[in-house]
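*Asks:* The structure that follows is given in the form of structure tokens.
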2 protein chains.
Amino acid sequence: MRNKKKSLFVVSAPSGAGKTTLCRKLCEMVPDIRHSVSYTTRKPRPGEEDGVHYNFVDEKRFRTMVADNEFIEWAEVYGNLYGTSGKAIEDMIKSGIDVILDVDVQGSKQIRGKIPGSVFIFVLPPSMEVLQTRLTGRMSDSAEVVKKRLGEMKNEIREYENYDYVIINDTFDIALNELLSVVTAERVKVSKVDSDWIRENFFKEE
Amino acid sequence: MRNKKKSLFVVSAPSGAGKTTLCRKLCEMVPDIRHSVSYTTRKPRPGEEDGVHYNFVDEKRFRTMVADNEFIEWAEVYGNLYGTSGKAIEDMIKSGIDVILDVDVQGSKQIRGKIPGSVFIFVLPPSMEVLQTRLTGRMSDSAEVVKKRLGEMKNEIREYENYDYVIINDTFDIALNELLSVVTAERVKVSKVDSDWIRENFFKEE
């Protein structure tokens with residue numbers, strides 16, 4: 001195999017930037033990459049499948065996983081628990097599969113340094129105005145709640161500097177091509193080259 | 001502008017790996033990237049245009065450019081002089097254009113550290129056997145000359161470890177897509193983000 005070392009791609013974005021659709025589409029288009037499935041104590045919504053959208057577990061099971069150090073990141077959001085299993089990611093990487101994980105800025109911070117060769121990607125909307133329009137369109141909340149949420153998002157956006165790549169989701173197809181390019185380019189990085197393959201193909205009689 | 005910092009992409013390969021065709025095709029497909037034109041004292045071959053394939057100069061002019069430190073790399077090959085103008089590259093980068101330069105392993109070594117944000121790409125043939133077949137097919141030389149040349153190429157191939165990316169040119173379209181992806185991914189690196197653009201679009205009222 002030319003390159004056998006696989007990567008974890010961590011994708012973060014303020015909500016409304018379109019990261020989930022980007023990641024889903026990427027997995028449809030690229031071979032040997034899989035979306036990491038998070039664990040949650042939240043109840044499934046109509047159409048959500050266990051093991052596909054989330055691994056749905058009860059709080060007791062979740063707390064045991066926390067105690068056993070199974071999560072590389074976890075958080076409580078509006079009373080529900082969400083977490084990412086480090087072992088599941090490492091198993092996929094070992095089996096020769098790249099993993100893509102979409103997680104918020106806080107989750108991404110917890111992951112840093114834990115999985116070698118991780119690549120951090122930040123997805124931005126084209127402007128604050130666009131984010132505001134998208135957010136107002138999908139929230140039934142009061143203007144005050146929207147304003148508070150936008151303030152939080154600004155703090156998230158400031159974190160872009162800590163990522164490796166910044167993709168601006170203005171035109172979806174361009175943003176998707178950029179995300180595909182990041183995955184393809186990372187796969188041909190010199191650190192991913194299998195030196196056994198090089199030896200076998202160029203220096204085998206030595 | 002979202003990203004205003006441009007890059008120099010330095011592409012090296014043993015001859016027969018197909019780097020020149022890859023670079024030419026890339027420039028046709030990607031906007032805002034230009035192939036750097038080398039200077040040479042060699043006489044133009046039929047079909048070669050001054051300023052397109054090479055800047056053809058006489059030896060006196062070339063030696064003056066060497067004395068004036070205009071070349072970031074230069075070499076004598078079979079009695080002819082070849083060189084790359086650092087100023088021409090820096091001018092293109094300043095004007096908002098990425099530059100691609102194909103240059104051998106020795107030339108690439110001379111460039112290292114001279115232009116900030118340079119990206120080094122190594123193109124490999126799929127195997128030594130393929131390289132040998134391609135080389136024998138296009139050389140009219142004796143078996144001994146071919147053998148010597150292959151030995152030199154092995155030494156060049158060992159240098160792949162000093163590059164940022166390694167592209168294996170087995171199937172041309174796959175190799176081209178990998179090269180395109182490297183250019184696209186490098187353009188969305190966080191180091192290329194224009195922080196003024198971020199401020200203007202997300203924090204302008206602050």
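No lab work stands behind these numbers, since they all come straight from the coordinates. Keep in mind it's a predicted model, so treat the numbers as computed, not measured. Note that each Cβ is placed from the backbone with ideal geometry, even for glycine, and that neighbours are counted across all protein chains shown.
*Asks:* Would you grab the residues whose amide H sits under 5 Å from the one on B:D170? Only those 5+ places off in sequence or on another chain, please, with H modelled 1.01 Å from N.
*Replies:* Answer set, sorted by chain and number: B:A175.
*Asks:* Another question, if that's okay. With the label 7 angstrom out along Cα to Cβ, how close does A:T64 come to the same site in each of the other copies, in nm, nearest first?
*Replies:* Label-point distances to the other copies, shortest first: 8.3 nm.
*Asks:* Let me ask something additional. Taking each residue of B:196-202 in turn, how many C-beta atoms of other protein chains fall within 10 Å of its C-beta, and what is the average?
*Replies:* Counting other chains' Cβ atoms within 10 Å and averaging over B:196-202 gives 5.
*Asks:* Under a GNM of chain A (C-alpha, springs under 10 Å), which listed residue has the highest mean-square fluctuation: A:E90, A:E28, A:E70?
*Replies:* Looking only at A:E90, A:E28, A:E70, the largest GNM fluctuation is found for A:E28.
*Asks:* On average, how many beta carbons from a partner chain sit within 10 Å of the beta carbon of a residue in A:163-176?
*Replies:* Partner-chain Cβ atoms within 10 Å, mean over residues of A:163-176: 3.
*Asks:* Let me ask another. At 222 nm, what value in deg cm²/dmol follows for the protein assembly as shown if DSSP H runs of at least 4 each add -39500 (n - 2.57) and the sum is divided by all its residues, to the nearest 500?
*Replies:* Computed mean residue ellipticity for the protein assembly as shown: -12500 deg cm²/dmol.
*Asks:* A further question on this structure: Put a point 7 Å out from Cα along the line to Cβ at A:Y78; what are the distances to that point in the other copies, in nm, shortest first?
*Replies:* Nearest to farthest, the other copies are at 7.1 nm.
*Asks:* Still on this model: Of the listed peptides B:159-169, A:17-27, what is their order by residue-averaged count of other C-beta atoms within 10 Å, with the highest listed first?
*Replies:* Order by mean packing, descending: B:159-169, A:17-27.
*Asks:* OK, next. State log₁₀ I(q)/I(0) for the range B:1-47 at q = 0.14, 0.19, 0.25, 0.31 Å⁻¹ as given by the Debye formula over alpha-carbon point scatterers of equal weight, solvent excluded.
*Replies:* Each listed q maps to, in turn, -0.51, -0.85, -1.16, -1.22.
*Asks:* Along Cα-to-Cβ, 7 Å out, sits the label point; list in nm, shortest first, how far the one on A:R24 is from those in the other copies.
*Replies:* In nanometres, ordered from closest: 4.4.
*Asks:* Taking a cut-off of 16 Å between Cα atoms, list the lysines near A:K94, but don't count ones fewer than 8 places away on the same chain.
*Replies:* Of all the lysines, those that pass the test against A:K94 - Cα under 16 Å, at least 8 places apart if same chain - are A:K4, A:K5, A:K6, A:K114, A:K192.
*Asks:* For the residues A:I100, A:I115, A:I33, B:I121, what sequence is obtained by ranking on other C-beta atoms within 10 Å, fewest first?
*Replies:* A:I115, A:I33, A:I100, B:I121
*Asks:* Can you divide the C-alpha Rg of chain B by 2.2 N^0.38 Å and report the result to two decimal places?
*Replies:* 1.13
*Asks:* While we're here: Please give every one of the lysines within straight-line cross-link reach of A:K60, meaning a C-alpha to C-alpha distance under 24 Å, and leave out same-chain neighbours fewer than 8 residues apart.
*Replies:* Result set, ordered by chain and number: A:K43, A:K87.
*Asks:* What do the square roots of 5 times the Cα gyration tensor eigenvalues come to for the protein assembly as shown, in whole Å, largest first, as semi-axes of the equivalent ellipsoid?
*Replies:* 47, 27, 16
*Asks:* Please identify every one of the trypsin sites (Lys or Arg not before Pro) in the range B:120-206 that sits in a loop by DSSP and has no more than 15 other beta carbons within 10 Å of its own beta carbon.
*Replies:* B:K204
*Asks:* Oh, and also: Per residue and in Å³, how big is the convex hull formed by the alpha-carbon atoms of the range B:115-205?
*Replies:* 126
*Asks:* In terms of modelled amide H atoms, which long-range or inter-chain residues lie less than 5 Å from the amide H of A:R34?
*Replies:* A:D98, A:V99, A:I100
*Asks:* Could you give each residue of the range B:155-171 its phi-based ³J(HN,Hα) in whole Hz, using Karplus coefficients 6.51, -1.76, 1.60 with θ = phi - 60°, and x for Gly or Pro?
*Replies:* 5, 5, 4, 4, 6, 3, 4, 8, 9, 7, 10, 10, 10, 9, 8, 9, 9
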